[in-house]
Amino acid sequence: MNGRNFRSLLEAKWDEKKFLCVGLDSDINRIPEAIRKEDTRSTIVAFNRAIIDATKDLVCAYKPNVAFYEARGEEGFAALRETIAYIIDVAPDIPVILDSKRGDIASTNDQYAISAFEHLRADAVTVNPYLGGEPLQPFFERGDKGVIVLCHTSNPGAGEVQELSTGGEPLYKKIASLAATQWNKNGNCCVMVGATYPEELGEVRALVGDMPILIAGIGAQKGDLKKVLQHGLDGKKRGLIVNATRSIIFAGNGENFAKSAREAAETLHDAITKAL
């Protein structure tokens, strides 16, 4: 265990009026030639370090998606671990969200939790609630770690399952209610809602109170920031982790890619703070 507390780190960033989360979905095929090294691991790490150095004073969290690392085998997994270690080293006040959307039976989730929190040293993890709350206990029982439950995702086909009626209410609202009550005994539960569904976001906020909500879909997916803030902020004008990925880390593809990322991050950060 590394002694870090996700909610405390996040609250401190909200105190600084920082709500932007930068997704580190570092697709090797899109990394600029200017930063490429002799091998895959070094290339990904060098790129991530440049993005982190350029944006760390603007963000409330970083969110690497495991798929972009696992797809590169041992080198990719090593790059993920080195990236998280680098964040903890140069920006120890910024929490790391591992976007892995884990969800299996309890014995398997126990291993996923060990990987995420002990081996990779992430501060929070995204989880899939399809199997119910019982098998998610290996995540929930780690009270210092954030557990971000998928509630209503940003993809166009989300409603096919997430809006199915369950006892007169859509499934995503049932998930939000469970996350806010019986799944949140350690106060470390959070939910994820897509920016592309602002009305649903408002319904979720009404159910979860001041719980942190991770917002996906700002940027490349064209989520409406104004509507997100209108429907998603809690009563204290806090409570949001606004993620943007491709629109920031791949804002430029030349030698000045990090500067372009900084400018894109700054633009979104300023837009959020001006609307508070």
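Only the coordinates and a few stated rules stand behind these numbers; no lab work does. Given the structure is predicted, the values throughout are model-derived calculations rather than measurements. A quick note on method: Cβ atoms are made from the backbone with ideal geometry, for glycine too, and the neighbour counts reach across all protein chains shown.
Counting only other residues whose beta carbon sits under 15 Å from that of VAL161, what net charge do I get with K and R as +1, D and E as -1?
-1
Cβ under 13 Å from GLY76's Cβ, GLY76 left aside: what net charge do those residues give with Lys, Arg +1 and Asp, Glu -1?
Net charge in that neighbourhood comes out at -4.
Convex hull over the Cα atoms of segment 98-202, averaged projected area in nm²?
Computing the convex hull of the Cα atoms and averaging its projections yields 6.5 nm².
Taking the simple approach of a point 7 Å from Cα along Cα-to-Cβ for both ALA275 and LYS185, what is their distance in nm?
A separation of 3.7 nm, rounded to one decimal place.
Once both labels are modelled 7 Å past Cα along the beta-carbon direction, what's the THR166-TYR86 spacing in nm?
According to this spin-label approximation, the distance is 3.9 nm.
Going by amide H atoms built from the backbone, whose H comes under 5 Å of the H on GLY146, apart from near neighbours?
Close amide H contacts, sequence-distant or interchain: PHE6, ALA124, VAL125.
Principal axis lengths of segment 6-275 from Cα atoms, whole Å, largest first?
Principal-axis extents of segment 6-275 (Cα, largest first): 56, 44, 34 Å.
Helix 198-208 versus the longest principal axis of the chain: what is the Cα-based angle in degrees, 0 to 90, to the nearest 10?
60 degrees
Using only the alpha-carbon atoms, how far is helix 257-275 inclined from the longest principal axis of the chain? Give it as 0 to 90 degrees, nearest 10.
30 degrees
List HIS119, HIS269 from most exposed to least, where exposure is judged by having the fewest other Cβ atoms within 10 Å. Walk me through the intermediate numbers first.
Numbers: HIS119 11, HIS269 21.
By the 10 Å Cβ count, ascending, the order reads HIS119, HIS269.
In whole percent, what relative contact order does the chain give with Cα contacts below 8 Å and a gap of six or more residues?
21 percent
With runs of 4+ DSSP H residues as the only contributors, calculate the mean residue ellipticity of the chain at 222 nm using -39,500 (n - 2.57) per run, divided by the residue total and rounded to the nearest 500.
Calculated mean residue ellipticity at 222 nm is -12000 deg cm²/dmol.
Output the 0 to 90 degree angle, nearest 10, between the alpha-carbon long axis of helix 6-15 and the longest principal axis computed from the alpha carbons of the chain.
With rounding to tens, the tilt is 80 degrees.
If you place +1 on the Cβ of every Lys and Arg and -1 on the Cβ of every Asp and Glu, how big does the dipole about the Cα centre of segment 205-276 come out, in debye to the nearest 20?
200 debye
Segment 219-264 to segment 133-158: how many Å between their Cα centroids?
22 Å
Grab every C-alpha pair in segment 163-223, bin the distances at 5 angstrom width from 0 up to the longest one, and report whole percents.
Distribution as computed: 4, 19, 27, 23, 16, 8, 2, 0 percent.
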